[in-house]
Each structure stands twice: as structure tokens, then as C-alpha cells.
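Chemist: Pasting a structure below so you can have a look.
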Amino acid sequence: DQQVKQNSPSLSVQEGRISILNCDYTNSMFDYFLWYKKYPAEGPTFLISISSIKDKNEDGRFTVFLNKSAKHLSLHIVPSQPGDSAVYFCAASDDKIIFGKGTRLHILP
Amino acid sequence: DAGITQSPRHKVTETGTPVTLRCHQTENHRYMYWYRQDPGHGLRLIHYSYGVKDTDKGEVSDGYSVSRSKTEDFLLTLESATSSQTSVYFCAISESGRPNYGYTFGSGTRLTVV
């Protein structure tokens, strides 16, 4: 059974606008949530994380929001840039990291 | 990127043959992981290691074994390769095993079993 769900396989956003990637989870014991970015033929790269005791973490253009009551997190990218086109994996951990299936983000010129 | 290399980068093998993938790190990290990535499944943990000779199973460990005789090397072996093991395999390392700073991944090995 999937513990980390990314229900949108792909997303297209205009350059300069906000990209919002969503993720749901089922295990209330997760204590950290992470986002990874992956380009073709490369390994995933850690982007940003958030502890379960927080509801927001910001790093430059990237902000992650956590809604524990809804078991939902989202990654906001503002403003979106062409180099942001990649696959984004949501992940969660209580011991080891469990990944979602990924969302492919296309930034349109 | 620095610190973690996987070999080979690509491999084609026949069903029923044994295959070993190698992960080598220069960061002296204690924790090492093997994941596989498949369309529609994301990344799934196969095995991990929390020290030399200390390993444990992940969620998709059937058909795989691992060994870690040195801190820097973590080997993944497919005892008898099957077509369902065609995948991209990623190794990852972590200094503390705690996820808050994420894992560092290698560039992957694309394995095709024919």
C-alpha cells in the first residue's frame, strides 16, 4: 500500500509563475518530509525538507508547506524557471526514506 | 558529483545470470542504500547498510543480496537475474542515517535483463 502519494504524474507551468506540487501521506508516524528533484540520467538531488513539528520551511525560491491534519504537503516554486523542469519526488521518513512516484514538472517559455 | 560513484553505468545481461552492481563512496559515510526506480513506482528501497557487515532488507529485497566488507563499498547482487529486475538502480549514502538532510544519490546503473 502506498504510504506517500503524488497523484499528479505531470504539471505544466508558465515560466515566472508559481509551481505547486502536491503530496499526500498515510502514516502519521512520519517525522520528516522531503522533496527531491531529478533530471534525466542523473540521480535524485535533495531539495528541501520539513520536520513534522513545523508547518512551513523556506529556502530561496522553494517553500514546503505541511498540513498534518490533512496529511498533505506541497512544494511551491516561485518564480518558476526553465531549469526547474524535472521530476520531483515527495518523500517521507520515520526511519528510512519512502518515496512517492514523482511528478514531472514542465516549465513553459 | 563528488563522493559517490556507481558501476557499471549501463549493463545488459541474460535471464538467469548473476549480476553485481557496485557503489563506491569517498565520504566515509556510515549508511548506504540501494534503490530501484521503475515507471509508476518511484524509488523503492531494496537493501541498506548501517555499517561494515551490517545490512538489512528494504521493501523489495526478494531476488537481491548485498554485501559491505569495507566502509566505502556496497555491492548489490542479483543472484539469478529476471526480466522484472530490469530497472534503474540508485545507490545513496548518508552520514547519520537521519533523513532531515536527505541522502546523496549516485548517478544510477541502468540494468536490462533480456
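The values are calculated or read from the model by the stated rules, or taken from the named source; none is laboratory data. The model shown is predicted, which means the values in this text are computed figures rather than measured ones. All Cβ positions, glycine included, derive from the backbone under ideal geometry; neighbour counts span all protein chains shown. Accessible surface is based on the protein model in full, side chains and every heavy atom, while ligands, DNA and RNA are left aside. Shrake-Rupley method; radii C 1.70, N 1.55, O 1.52, S 1.80 Å.
Chemist: Show the residues, 5+ positions off or on another chain, whose built amide H is closer than 5 Å to the amide H of A:Gln3.
Modeler: Residues meeting the criterion, in which the H sits 1.01 Å from N, do not exist here.
Chemist: Counting other Cβ atoms within 10 Å, which trypsin sites (Lys or Arg not before Pro) in segment B:1-77 have at most 13 and lie in a DSSP loop? Can you show the working numbers first?
Modeler: On the way: sites: B:Arg9, B:Lys11, B:Arg22, B:Arg30, B:Arg36, B:Arg44, B:Lys53, B:Lys57, B:Arg68, B:Lys70; in loops: B:Arg9, B:Arg30, B:Lys53.
The qualifying sites are B:Arg9, B:Lys53.
Chemist: Related question: Just to confirm, what accessible area per residue do you get for the protein assembly as shown at 1.4 Å probe, in whole Å²?
Modeler: Values: 10750 Å² over 223 residues.
Heavy-atom SASA per residue in the protein assembly as shown reads 48 Å².
Chemist: Ignoring ligands, DNA and RNA, how much accessible area is buried between chains A and B, both sides summed, with a 1.4 Å probe, to the nearest 100 Å²? List each step's numbers first, then the result.
Modeler: Details: alone 6120 and 6240 Å², together 10750 Å².
Summing both chains' loss of accessible area gives about 1600 Å².
Chemist: Now for a different question. Run the dipole for chain A about the Cα centre, Lys and Arg Cβ at +1, Asp and Glu Cβ at -1, nothing else charged, and hand back the magnitude in debye, nearest 20. Could you put the intermediate results ahead of the total?
Modeler: Numbers: 12 positive and 11 negative charges, 36 e Å.
Using only the charged Cβ atoms, the result is roughly 180 debye.
Chemist: Given a 10 angstrom Cα cut-off, can you work out which residue in B:Ser49, B:Ser83, B:Ser65 is the most mobile in a GNM of chain B?
Modeler: Among B:Ser49, B:Ser83, B:Ser65, the largest mean-square fluctuation in the Gaussian network model of chain B belongs to B:Ser83.
Chemist: Related question: As a test of understanding, state the convex hull volume per residue of the protein assembly as shown from its alpha carbons, in Å³.
Modeler: On the way: hull volume 26.6 nm³, N = 223.
Normalising the Cα hull of the protein assembly as shown by residue number yields 119 Å³.
Chemist: Further question on the same structure: Need the C-alpha centroid separation for segment A:1-37 versus segment B:45-107, integer Å.
Modeler: 24 Å
Chemist: Using unit Cβ charges (K, R positive; D, E negative) and no other charged atoms, how large, in debye to the nearest 20, is the dipole of the protein assembly as shown about its Cα centre? Kindly include the intermediate steps, with their values, before the conclusion.
Modeler: Details: 24 positive and 23 negative charges, 45 e Å.
Its charge dipole is roughly 220 debye.
Chemist: A further question on this structure: Based on Cβ point charges of +1 for Lys and Arg and -1 for Asp and Glu, what charge dipole magnitude is obtained for segment B:1-90 about its Cα centre, in debye rounded to the nearest 20? Write out the running numbers ahead of the final one.
Modeler: On the way: 10 positive and 11 negative charges, 23 e Å.
Roughly 120 debye for segment B:1-90.
Chemist: Apply the Karplus parameterisation 6.51 cos²θ - 1.76 cosθ + 1.60, with θ equal to phi minus 60°, to every residue of segment A:65-72 and state each ³J(HN,Hα) to the nearest whole Hz, in sequence, with x for glycine and proline.
Modeler: Each residue's phi maps through the Karplus curve to give 10, 10, 10, 5, 5, 8, 6, 9 Hz.
Chemist: While we're here: Of all accessible surface on the protein assembly as shown at a 1.4 Å probe, what whole percent is carbon and sulfur? Working shown, then result.
Modeler: Working: 5110 of 10750 Å².
For the protein assembly as shown, the apolar C and S fraction of the accessible surface comes to 47 percent.
Chemist: So which residue, out of A:Ser19, A:Ser69, A:Ser85, gets the largest mean-square fluctuation from a GNM of chain A using Cα contacts under 10 Å as springs?
Modeler: Sorting by GNM fluctuation, first place goes to A:Ser69.
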